[in-house]
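Reading through the structure tokens given below for one structure.
The values are calculated or read from the model by the stated rules, or taken from the named source; none is laboratory data. Predicted model only: the values in this text are computed from it and were never measured. Here Cβ is always computed from backbone atoms with ideal geometry, including for glycine, and neighbour counts include all displayed protein chains.
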């Protein structure tokens, strides 16, 4: 039994005339009559009294009409709900973000820009490193990427291509930190020496921050002497090991804001060791949908009005 047959029966119940009902349903009168007959055969009873003028419904037909009204109403409401969901989905976009930015930036940024209902975090991104984010943009695994940026990224050529477009959402600063000793001084301090290198909790070399740390330490005078103890893909893991006293490490200031749980973190070096970062939102230069282009234009207008926030530096 098809829904259109139920709609046929309701048209017949309203008009009480086969030809007029067939015209309303945009079918020929013989086709329409066959459908009504099939309904009666399916229900195993006569639904229409064809001996009256105008024709009328049998008692079984009246019961069947009530059922038809309920079913067609439910189908119509369901179609409208599905259309609404599809419309919402077409204007909801997937964001791939680094773990630190998801944990310490994403939610606040959504609230600030009013995008809570239009952006959703792609959980696959928790396993991505560096260029994986751009591969995800290229393949359609996400619509936007939220990441750190600096001019020492090894895939700079790809970033500078005409294939991507980005917005700078905020400034950030990665600071060298160490757990404090009993006198409140850093347990580990830069730059170290060749004989006594500073133990460091390092970042994964394919990530966004490791190349910036490498460039900063290579350019420093006196040079830094570091002893990498660990490589981690996530700032939260670096913070945990630093706060437990295994070594020093560079942490974005937003990651340090709630360090009381681990004990006080203090600078392991002065400002010359700080690393300037940007938080950028990246998309394909040619968006895959008009909705994404509209959202991007709204963000451009927002930052044109408000400017790019600068970080609050952690206390020394």
Can you tell which of 228, 191 is in contact with a strand residue (DSSP E or B) (Cβ under 7 Å, 6 or more places away or on another chain), in the same structural domain as residue 248 (by TED's automatic domain parsing), farther than 19 Å from residue 255 by Cα and surrounded by fewer than 20 Cβ atoms within 10 Å (Cβ to Cβ)?
228
Give me the residue from the range 204-233 that is at pLDDT 90 or above and part of a loop (DSSP other than H, G, I, E, B) and, out of that set, nearest to residue 271 (Cα to Cα).
224
Kindly establish whether residue 142 is in a loop (DSSP other than H, G, I, E, B), buried (at least 18 other Cβ atoms within 10 Å of the Cβ) and within 21 Å of the chain's Cα centre (by Cα).
yes
From 98, 78, 72, 58, residue being in contact with a helix residue (DSSP H, G or I) (Cβ under 8 Å, 6 or more places away or on another chain) and over 30 Å from residue 248 (Cα atoms):
72
Pick out the one residue from 129, 177, 137 that is out of contact with any strand residue (DSSP E or B) (no Cβ under 8 Å at 6 or more places or on another chain) and either at negative phi or not in a loop (DSSP other than H, G, I, E, B) (or both).
129
Expected single match for touching a residue at least 12 places away in the same chain (Cβ under 8 Å) and under 30 Å from residue 171 (Cα atoms) among 9, 106 is 106
Just a yes or no: is a residue in the range 180-197 more than 34 Å from the chain's Cα centre (by Cα) and under 30 Å from residue 132 (Cα atoms)?
no
Mind checking whether some residue in the range 6-17 is assigned to a helix (DSSP H, G or I) and more than 15 Å from residue 61 (Cα to Cα)?
no
Across the range 18-39, what is the total count of residues that are farther than 18 Å from residue 69 by Cβ and either part of a helix (DSSP H, G or I) or outside the structural domain of residue 65 (by TED's automatic domain parsing) (or both)?
13
Quick one: is residue 74 closer than 25 Å to residue 295 by Cα and at pLDDT below 90?
no
Considering residues of the range 267-286 that are touching a residue at least 60 places away in the same chain (Cβ under 8 Å) and assigned to a loop (DSSP other than H, G, I, E, B) only, the residue nearest to residue 170 (Cα to Cα)
274
Total residues in the range 112-131, condition free of Cβ contacts under 8 Å to residues at least 12 places away in the same chain and more than 13 Å from the chain's Cα centre (by Cα)
3
So, in the range 1-19, exactly how many residues are farther than 18 Å from residue 72 by Cβ and loosely packed, with under 14 Cβ neighbours inside 10 Å?
1
Among the residues of the range 20-41, write down those that are closer than 17 Å to residue 62 by Cβ and either over 51 Å from the mean Cα position of the chain (by Cα) or surrounded by fewer than 17 Cβ atoms within 10 Å (Cβ to Cβ) (or both).
40
Regarding the range 304-316, can at least one residue be identified that is crowded, with 18+ Cβ neighbours inside 10 Å, within 30 Å of residue 221 (Cβ to Cβ) and either at pLDDT 90 or above or in contact with a strand residue (DSSP E or B) (Cβ under 9 Å, 6 or more places away or on another chain) (or both)?
yes
Just wondering, is there one or more residues in the range 144-158 that are more than 18 Å from residue 204 (Cα to Cα) and at pLDDT below 90?
yes
